[in-house]
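Here is the structure we will look at.
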Amino acid sequence: MTNIKSKILGFSKKEVDELLKKIQSAHEMELEDLLEKIKTCRSEQDLLEQELIILNDQNTSFTSTSLLEYALRKVESATDHIDQTAEEDVMAIQKSIQQICSLFEPTRWFWGEQLESLPLKLRIQKQLDGNPKSHIDKFSNDFGDEKEFK
């Protein structure tokens, strides 16, 4: 670099030289980083070119029927997955329905018994209504006492 003999913008020659050395060293470090990145990119480019050559060789070995078979396998696996998830959903719905039904099972049993015995109760009531004294029964309990019930 040329020596600066006079002050530039209020800096002395020594200050300007130090500033230029700092700038130069910073640029040299940046240049080394860029050269390293270029070297890395070139090696990566070589690897990619080799992969491209391999893939091009493999691509020529595919025929249209093999591509159709590959597509068919992909579609079959997708439909299998859809069927499986649908079946799981159906099973989950059935389980929740069974849980809900189990909550109502005691009341269903009670009302079912009530409905089944309703014709018998109606016949008995009809007979009792026809003979008013017939609904008074006498029976003895375990102690032998007689009680009347209406």
Handout entry: Residue identified as in a helix (DSSP H, G or I) and at pLDDT below 85 among Leu72, Leu55, Leu47, Leu19
Key = Leu55
Exercise for the section: Would you mind telling me which numbered condition in (1) surrounded by 10 or more Cβ atoms within 10 Å (Cβ to Cβ); (2) polar (S, T, N, Q); (3) at pLDDT 70 or above Gln114 fails? Expected result: (3)
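The values are calculated or read from the model by the stated rules, or taken from the named source; none is laboratory data. It should be emphasised that the depicted structure is a prediction, and the values quoted were computed from it without experimental measurement. Because the Cβ atoms are built from the backbone with ideal geometry, glycine has one as well, and the counts that use them run over all protein chains shown.
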